[in-house]
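Okay, so here's the structure we're looking at.
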Amino acid sequence: MPTAILILGLASLALAAPLLRWILRGRRRDRSLARLLDLADEMERLLDRSQERMQALQAVVGRVPADIGAVAQASLDGALPVREAKRDLLQHRLWIKHHGQAARQSELDAACAALARARDRLAAELADLERAGAELAEATEASEQAALREPPG
């Protein structure tokens, strides 16, 4: 009798191990897909924030003399990179929708890593843009204050 219980226990374990592995793999896939969608949402928020910041900076650059602010104005007028990034993000979302469930785990991991790197790069560039905008606003304000103190000429 103890041998039968032992055999039954080993057989149960042999059946349960693949089932457990299959369940864990499915959960990992679900977490990866959720992570991909979360990263896409973060990217979209960063792109929206970048677009808003670029529009806000146009007012500051507009206060700078044209010869000084021409390059900055040209950069701010070109919303094409943000639109292209949003289009690429839409392509990622469509890929997730159509291929996410069938993709290999390595593909999902690679997609997560790529989106995370892009998000980190965009966040750093947005921080640089905000810092440059603050410095430009400060310098412009100081220049305008100095001009007000000068006697009319």
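Farthest toward the positive end of the dipole of the chain, out of Gly62, His99, Leu8, is the Cα of Leu8, where the dipole comes from beta carbon charges about the Cα centre. Mean residue ellipticity, 222 nm, helices only, the chain: the sum of -39500 (n - 2.57) across DSSP H runs of n ≥ 4, divided by residue count and rounded to 500, is -33000 deg cm²/dmol. Modelled label positions at Arg131 and Arg25, each set 7 Å beyond Cα in the direction of Cβ, lie 4.6 nm from each other.
Computed from point charges on the beta carbon alone (+1 for Lys and Arg, -1 for Asp and Glu), the dipole magnitude for the chain about its Cα centre is near 1340 Debye. In this simple spin-label model, placing a label point 7 Å from the Cα along the Cα-to-Cβ direction at both Leu90 and Ile5 gives a separation of 6.6 nm. Each Lys or Arg adds one and each Asp or Glu takes one away; over the other residues whose Cβ falls under 12 Å from the Cβ of Glu52, this sums to +1. Protein heavy-atom accessible surface, 1.4 Å probe, per residue over the chain: 71 Å².
The peptide list 44-52, 80-88, put in order of mean Cβ contacts within 10 Å with the highest first, becomes 44-52, 80-88. Length gained on full extension, Leu37 to Arg149, computed as 0.36 nm times the residue gap minus the Cα-Cα distance: 34.9 nm.
The apolar share of the surface of the chain, taken as the fraction of accessible area on carbon and sulfur atoms (1.4 Å probe, ligands and nucleic acids excluded), comes to 61 percent. Restricting the calculation to Cα atoms, the chain yields a radius of gyration followed by a Dmax of 27.4, 111 Å.
The values are calculated or read from the model by the stated rules, or taken from the named source; none is laboratory data. These numbers come from a predicted model, not from an experiment. A quick note on method: Cβ atoms are made from the backbone with ideal geometry, for glycine too, and the neighbour counts reach across all protein chains shown. Protein only, heavy atoms only, side chains kept; ligands, DNA and RNA dropped before computing areas. Shrake-Rupley method; radii C 1.70, N 1.55, O 1.52, S 1.80 Å.
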